[in-house]
């Protein structure tokens, strides 16, 4: 795999990526290449919606986090504040609990203060579960 990539210390309580949030997902990330980030995640049973399936909101969180990290990988972080402005999600197949899944985010392009990313959730063998597209914006300082 690639190199580990992390967010600044002020994200330690983040629900998705914060390692100090006892109720969070505690995601970790690897930069596969500049602008392409992956996170291998074990979906525990308590994250279910229907029996045996990861809750759709948790899937959205996994994708939002990894897509945000793809922007960090492509553009750097620094003191810039970026937030999700729009987010489209398409569930392709049931993403199972009790299994490792791969969340992948890819930086696509920037237009002024907007940054466009795509993401997907897959099984470790490559089966597609969920796809997403998002536009993030840079907040004015």
Members of the stretch 125-141 found to be farther than 21 Å from residue 57 by Cα and modelled with pLDDT of 95 or more, listed by number: 125, 126, 137
Failed condition for residue 58, given (1) more than 19 Å from residue 93 (Cα to Cα); (2) in contact with a helix residue (DSSP H, G or I) (Cβ under 7 Å, 6 or more places away or on another chain): (1)
First in the stretch 1-16 and at pLDDT 80 or above, second anywhere and in a strand (DSSP E or B) and surrounded by 10 or more Cβ atoms within 10 Å (Cβ to Cβ), Cβ under 8 Å, 6 or more apart: 3/30; 3/31
Test: residue in the stretch 84-96 that is at pLDDT 95 or above, crowded, with 17+ Cβ neighbours inside 10 Å, touching a helix residue (DSSP H, G or I) at 6+ places or on another chain (Cβ under 7 Å) and under 22 Å from residue 3 (Cα atoms): no
Enumeration of residues in the stretch 97-106 that are loosely packed, with under 15 Cβ neighbours inside 10 Å and over 12 Å from residue 124 (Cβ atoms): 98
Residue check for residue 120: surrounded by 15 or more Cβ atoms within 10 Å (Cβ to Cβ), in contact with a strand residue (DSSP E or B) (Cβ under 9 Å, 6 or more places away or on another chain) and over 20 Å from residue 15 (Cα atoms): no
Test: residue 18 is surrounded by 14 or more Cβ atoms within 10 Å (Cβ to Cβ) and touching a helix residue (DSSP H, G or I) at 6+ places or on another chain (Cβ under 8 Å): yes
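The values are calculated or read from the model by the stated rules, or taken from the named source; none is laboratory data. Please read all numbers here as calculations on a predicted model, not as lab measurements. Cβ atoms come from the backbone with ideal geometry, glycine included; neighbour counts cover every protein chain shown.
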